[in-house]
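These notes concern the structure reproduced below.
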Amino acid sequence: MEGPVWVRVEVPRGSFVKRRPDGSVDFVSPLPSPFDYGSIEDTLAPDGDPMDALILGRQRLVVGARVEVEVWGRVDMLDAGVPDPKCVCTIRGGGPPGERDWRRVWAFFARYVRLKSALNWVRGAARPTRLLGVTRHPRR
């Protein structure tokens with residue numbers, strides 16, 4: 001994804017709950033999100049929802065906030081057999097993620113997919129849920 005994009009925040013950092021634009025609960029995560037998390041406007045991911053985006057940085061955004069971000073990479077995972085990519089972003093002008101940020105992204109999703117896999121199994125969706133990789137975009 002080239003250039004800055006707009007993200008609508010659905011999960012503030014530290015929260016377990018993902019909310020829809022109307023404020024209703026969309027999903028309760030097995031782990032609290034260590035990043036602000038939302039979706040990129042005017043996109044469509046393979047799961048039929050807008051493309052997910054995690055926003056790295058010190059800020060703690062609120063549900064519904066609309067922020068301009070730069071995309072620096074992507075987390076590729078399968079969720080119950082369906083590709084579920086997530087863009088790795090920072091607030092526009094905030095610069096690229098550091099090495100510590102990339103390690104935190106990997107560590108979080110490595111744990112998240114194990115717990116989400118168990119949750120999917122309990123729900124009867126036993127198809128694969130796994131982390132496929134974390135990719136950094138080339139420096140601009």
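Give me the pairs: first residue in segment 105-118 and touching a residue at least 24 places away in the same chain (Cβ under 8 Å), second residue buried (at least 21 other Cβ atoms within 10 Å of the Cβ) and in a helix (DSSP H, G or I), beta-carbon distance under 7 Å, and six or more apart or on different chains, which are they?
none
Which ones in segment 5-42 are polar (S, T, N, Q) and surrounded by fewer than 16 Cβ atoms within 10 Å (Cβ to Cβ)?
Correct list: Ser24 only.
May I ask you to list pairs of residues, at least six apart or on different chains, whose Cβ atoms are under 8 Å apart, with the first in segment 49-67 being closer than 13 Å to Arg92 by Cα and the second being at pLDDT 95 or above and among the polar types (S, T, N, Q)?
The qualifying pairs are Ile55/Thr90; Leu56/Thr90; Gly57/Thr90.
Quick one: which strands (runs of 3 or more DSSP E) sit completely within segment 1-81 and have at least 3 residues that are hydrophobic (A, V, I, L, M, F, W, C)?
5-11, 25-28, 52-56, 66-79
Being modelled with pLDDT of 95 or more and buried (at least 18 other Cβ atoms within 10 Å of the Cβ) is the filter here; which residues of segment 62-72 pass it?
Of everything in segment 62-72, those that are modelled with pLDDT of 95 or more and buried (at least 18 other Cβ atoms within 10 Å of the Cβ) turn out to be Val67, Val69, Glu70, Val71, Trp72.
Picking from Pro96, Pro128, which residue would you name as being over 17 Å from Leu31 (Cβ atoms), of a type outside the set (D, E, K, R) and modelled with pLDDT under 90?
That would be Pro128, the only listed residue that is over 17 Å from Leu31 (Cβ atoms), of a type outside the set (D, E, K, R) and modelled with pLDDT under 90.
Take segment 39-48 and flag every residue that is free of Cβ contacts under 8 Å to residues at least 40 places away in the same chain and within 12 Å of the chain's Cα centre (by Cα).
Matches in segment 39-48: Ser39 only.
Of these, Ala45, Ala80, which one is within 18 Å of Val5 (Cβ to Cβ), open to solvent by less than 20 Å² (accessible area, probe 1.4 Å), out of contact with any strand residue (DSSP E or B) (no Cβ under 6 Å at 6 or more places or on another chain) and of a type in the set (A, V, I, L, M, F, W, C)? Full working, then the answer.
Details: Ala80 fails: within 18 Å of Val5 (Cβ to Cβ).
Answer to the selection: Ala45.
In segment 119-134, how many residues are exposed (fewer than 12 other Cβ atoms within 10 Å of the Cβ) and in contact (Cβ under 8 Å) with a residue 24 or more places away in the chain? Step through it out loud before you land on a result.
Here is the first cut: in segment 119-134, the ones exposed (fewer than 12 other Cβ atoms within 10 Å of the Cβ) are 122-124, 133.
After this cut, where a residue has to be in contact (Cβ under 8 Å) with a residue 24 or more places away in the chain as well, the list is 133.
Going through segment 119-134 one residue at a time, the tally reaches 1.
Can you tell me how many residues in segment 85-122 are assigned to a helix (DSSP H, G or I) and not β-branched (Val, Ile, Thr)?
21
The values are calculated or read from the model by the stated rules, or taken from the named source; none is laboratory data. Just so it is clear, the model here is predicted, and its values are computed rather than measured. Neighbour counts run over all protein chains shown; Cβ positions are idealised from the backbone, glycine included. For accessibility, only protein heavy atoms count, side chains too; no ligands or nucleic acids. Shrake-Rupley method; radii C 1.70, N 1.55, O 1.52, S 1.80 Å.
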